[in-house]
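The block underneath contains the structure these notes are about, expressed in C-alpha cells.
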Amino acid sequence: MIIKKPSIFIYTYQPDASTLKEVCAGIEEEGVFYEIKEMEQASPDELAWTAANDSMLGSGIGMNGCSISLQMRGIPKGHSIEGYLEPGQEQSRKLGANSARAIKKLPFK
Amino acid sequence: MSYIAGVDIGNSTTEACVGEVRSDGNIHFLTSASCPTTGTKGTVANTHAIKSALKQAMSKIGREVEDISLIRLNEAAPVIGDTAMETLTETIITDSSMIGHNPSTPAGAGQAVGEILLIDKLSRGVPGTPYIVASPSTYSYEEVAAILNQASDSLNITGVILQADEAVLVENRLRKKVPIIDEVSRIDKLPDGVLAAIEVALPGQTVRMLSNPYGIATLLHLDAEETRTVTPIAKSLIGKRSAVVLKTPGGNVRENILPAGEIYFDAENSSSINLDEGAEKIMQAVADAGNIYDISGQPNTNVGNMLTRIKHGMSELDQTPNADIRITDILAVDTLAPVLISGALAGETCLEKAVGIAAMVKTQKLPMQEIAEKLKLDLGTEVKVAGVEAVMASLGALTTPGTKLPLAILDMGGGSTDAAVISEDGKVTMTHQAGAGELVSMLIETELGLGDRHMAEQIKKYPLAKVESLFHMRMENGQMTFVDESIDPRFYGRVVLLAENGFIRIEKDIPMEKIVQVRRDAKRKVFVTNAFRALKKVAPGHDLKNISNVVLVGGSAEDFEIPEMLMEEFAGYRIVCGRGNIRGTEGPRNAVATGLVLSYAGERS
C-alpha cells in the first residue's frame, strides 16, 4: 500500500530557488507538509489550479520562474487567491503561510 | 391640498414624515425619511439634518421641500444623554518584567528557566548555567539553528525567544528540542543576564505555570512577598498560548485602586455612594433616592470630573448665565476594560474593573424656538413648535395595528430610554431615563478593546457569521449558509458582520462566541434594566402589573434582538409587549413625527 502524506502541492516550471525556499519556509512554519513537482511550461495560475485540484488538501501553489500564485480547489482557473509576478522575500513567505492557513481555516495574513 | 411635515429631533437621529390634509380634514400620510442628527440635540446646528431629512422625504414623492406648507417640530424634552467610562483599578509595573504573548505558531512545549543571553553574545556563556537565548530577526532561521546546534554541546540552552515568526522553522532544525517563542517584537527590550521563565503550552491548551502565581514562584524561586506582587502578571497571562516572565531585581508590580470618588445625590432622600461599590449598589442608591434634583461627584476624582464634563458639555447648549443644568438620572453598568499596563514590555493590556455611566442632563428649556426661526428663514415655510415629545410619541404609537388605550410606550433611542403611559382619558405620565443605544456601543467598544466606536456600533447592529470556507459560513445561531459564488478571500476564516450590503470584516482576532456574549450582555445590562426602571416609574401605583400593553418604539426597538429580550423579561408580568409598527408600515421608527402630523388634525377639529 502506498501511503501519501496529505500535502500542499507546489507545481513549478524552472522555479527561482530563493523564492521557492521562502514559500516552503512559510508552509513549514505553519506545520503543514508540501510536495514540489516540476511540470511542463505553463502560467503560475494554471499550475496553481492544477496543483490545488491534485492536492488531497485542496491547496496548491504554482510557480513559473519568480512568479507565484496560490489557488484553492473549487475556485475557477484564473481567479487565484493571491499571486505575485516578482515577489519579495516577505511576500513569498506570506504566500506559503497562507496556503497552509487556507487548510487550517485560519484568516490569511 | 396642503402638505404638513412632522420633524422629530433625537439624540442621534432626526426623523421626518409628510402627510397631506384632505378636504374632509383627514390626514393621508405620504412619505417619511430619517438621517443622523447634526450637532447636539436642541441646537441650531440641527437645521442641517432637518432640511436633509425633509428633502429626502419629499424627493420620494417627486416634490420639493418648498411645497410643504407647515413644519411641526417636537418640543424636545430638555434632556440629553451622555456617556462616560472610568476604570477603577490600574496595574503598574516598574522595571517592566513580563511579556504575555500569543503567537500563532510557537514551537516545542513545556517550561524553561534560564538567564537571558543574546545570540551575538553566545561566546560569553558559561558552561553549566541554564540560558534562554534571544535572537533578533536579523538572524535567519538557518543561522539561528546552526549557531544553537553548535553551542548546544558546550552550553546549557533551555529555551529560545525569537523576534521573527520562525519558531517552527528553527525547532525543526535543532538537534536538542527546547520550547521556542516567536513574534516578540520588542526583543531589544529584553535585559541581558536577567533570570527569565518561558512557557509554551501543549497544543490545544493554554499556559499553566506562568498563569499561576505559585507556578511563577516555583520557576523563578520567589518568596511569599514577591509571589504576592506577581499576581497581576499571572492574571494577565491567563488564556495565552505562550509567555515570558522576567525577574528584574528592582522590579515591582502593583495593582492600584484609583480614587474613584463619591457620587452625591441631591434628592428627596439625599445620599452618597462610592463609585467602587459597583453598579448594582449605585443603581440601588438611585432607586432609593426618590425624586432626584441633581447628581454631582466628589471634586477632583474620576467620577467628579466625569460628571462635570457632562454638565460642561450641556452648558454650551444653554448660553444663559447661571443656566440651570442638572443631572437627574444616571445608569451605572459594571464592565471590564482592557487597559495598557504602565511599564509593560510589549504593549500588554490587563482587564481592569470599570464602571460605565450614562447621565441624563436636564436644562430648563431647549432653544427650540431658535431652531424654528432659523428653519423658517432658510425655507420660507411656516414652522411651529408643537406638542410634548412623549405625548406625540404616544399618539404615533397608537397607529400601530392592534393597540388601544390605556397604553404604555417605551421609546428606546440613542441617548435615553423614555417611557410614557396614556390612560383612557388621555392623561400622559412620562419619564426619561439615562442610558440607551450609545451606552451599549460604549460597552461593546471597551469590553472588546476595539478602540473604534464606529465598529462597535456595527457590531451592535448586525448579526455575526464565521466564514469557514470560500463557499460556506456558519451563522452565530449555528445555522450554515452555502453560497454559489466564492466568498472574497479577504473574509476567509474571519468573523464577519452580515450588513445589508455585504460583509464587514472584524479586524481583531476575537472568537465569535465572545463577541456575541459581550454584545448580548451589553444590551441586556442597559435595556432590560432601563425598561424595568422606566416602566415602574410611570406605571399606575408603580406596579408593573397595572400595565397591560407596551409598544416599543425608537431606533433601538429596530434592533434584531432587544425586543425579543424584553418580551422574554416581561412575559412573567403578563404584559403584551412588542415592537411598534407605526402606521402599519414604518416599523418602530417615526412615532413622534407621525404624532406631530396627527396632532395637527386634532388641533384643527
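The values are calculated or read from the model by the stated rules, or taken from the named source; none is laboratory data. Since the structure is predicted, the reported quantities are computational estimates derived from the model, not experimental observations. Note: ideal-geometry Cβ built from the backbone for every residue, glycine included; neighbour counts use all protein chains shown.
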Is it the case that segment A:15-26 has a residue that's without any contact (Cβ under 8 Å) to a residue 12 or more places away in the chain, closer than 29 Å to B:PRO106 by Cα and of a type in the set (A, V, I, L, M)? yes
Would you tally the residues in segment B:446-470 being in a loop (DSSP other than H, G, I, E, B), within 14 Å of another protein chain (Cβ to nearest Cβ) and of a type in the set (A, V, I, L, M)? 1
Could you run through segment B:373-400 and say how many residues are under 21 Å from B:ILE68 (Cβ atoms), of a type in the set (A, V, I, L, M), part of a helix (DSSP H, G or I) and out of contact with any Leu (no Cβ under 6 Å at 6 or more places or on another chain)? 3
Given (1) in a helix (DSSP H, G or I); (2) at pLDDT 90 or above; (3) away from chain A (no Cβ under 14 Å), number of the condition B:ALA234 does not satisfy: (2)
Please tell me if B:VAL144 is more than 14 Å from chain A (Cβ to nearest Cβ), at negative phi, buried (at least 19 other Cβ atoms within 10 Å of the Cβ) and of a type in the set (A, V, I, L, M, F, W, C). no
Any chance B:GLU457 is among the acidic types (Asp, Glu), in contact with a helix residue (DSSP H, G or I) (Cβ under 6 Å, 6 or more places away or on another chain) and surrounded by 15 or more Cβ atoms within 10 Å (Cβ to Cβ): yes
Looking at (1) crowded, with 16+ Cβ neighbours inside 10 Å; (2) at pLDDT below 95, which is the only condition A:ILE61 fails? (2)
Hey, could you check segment B:289-306 for residues that are part of a helix (DSSP H, G or I) and touching a residue at least 60 places away in the same chain (Cβ under 8 Å) and say which is farthest from B:ASP82 (Cα to Cα)? B:ASN302
I need a count of the residues in segment B:554-605 that are over 20 Å from B:PHE527 (Cα atoms), under 29 Å from the mean Cα position of the chain (by Cα) and in a helix (DSSP H, G or I). 3
Looking at segment A:6-49 only, could you name the residues that are assigned to a helix (DSSP H, G or I), of a type in the set (Asp, Glu) and within 12 Å of another protein chain (Cβ to nearest Cβ)? A:GLU22, A:GLU28, A:GLU29
Can you tell me which residue is farthest from B:LYS461 (Cα to Cα) among those in segment B:481-505 that are of a type in the set (A, V, I, L, M, F, W, C) and more than 14 Å from chain A (Cβ to nearest Cβ)? B:ILE504
Would you confirm, using the coordinates I've provided, whether B:THR206 is over 25 Å from A:GLU22 (Cβ atoms), among the polar types (S, T, N, Q) and either part of a strand (DSSP E or B) or within 14 Å of another protein chain (Cβ to nearest Cβ) (or both)? no
Filter segment B:187-211 down to the residues that are over 17 Å from B:ILE116 (Cβ atoms) and either buried (at least 16 other Cβ atoms within 10 Å of the Cβ) or of a type in the set (Gly, Ala, Ser) (or both) and list them by number. B:ALA201, B:GLY204, B:THR206, B:VAL207, B:MET209, B:SER211
Take the residues in segment B:162-186 that are among the aliphatic types (A, V, I, L, M) and within 34 Å of the chain's Cα centre (by Cα), then tell me which one is nearest to the other protein chains (Cβ to nearest Cβ). B:ILE181
It is to be established whether one or more residues within segment B:66-75 are under 20 Å from B:LYS376 (Cβ atoms), without any contact (Cβ under 8 Å) to a residue 24 or more places away in the chain, surrounded by 14 or more Cβ atoms within 10 Å (Cβ to Cβ) and of a type outside the set (Phe, Trp, Tyr). no
Step by step: first the residues of segment B:38-88, then only those that are under 13 Å from B:THR381 (Cα atoms), among the β-branched types (Val, Ile, Thr) and assigned to a strand (DSSP E or B), then the one that is farthest from the chain's Cα centre (by Cα). Which residue is that? B:ILE68
Residues of segment B:188-203 being part of a helix (DSSP H, G or I) and in contact (Cβ under 8 Å) with a residue 60 or more places away in the chain, which ones? B:LYS189
Residue within segment A:35-56 that is at positive phi and surrounded by 15 or more Cβ atoms within 10 Å (Cβ to Cβ) present: no
Provide a single number: the residues in segment B:99-132 that are under 42 Å from the mean Cα position of the chain (by Cα) and either free of Cβ contacts under 8 Å to residues at least 12 places away in the same chain or surrounded by 17 or more Cβ atoms within 10 Å (Cβ to Cβ) (or both). 14
Within segment A:50-95, can you find the residues that are assigned to a helix (DSSP H, G or I), within 11 Å of chain B (Cβ to nearest Cβ) and either over 27 Å from B:ILE510 (Cβ atoms) or touching a residue at least 24 places away in the same chain (Cβ under 8 Å) (or both)? A:GLN89, A:ARG93, A:LYS94
In segment B:1-39, how many residues are crowded, with 17+ Cβ neighbours inside 10 Å and touching a residue at least 60 places away in the same chain (Cβ under 8 Å)? 21
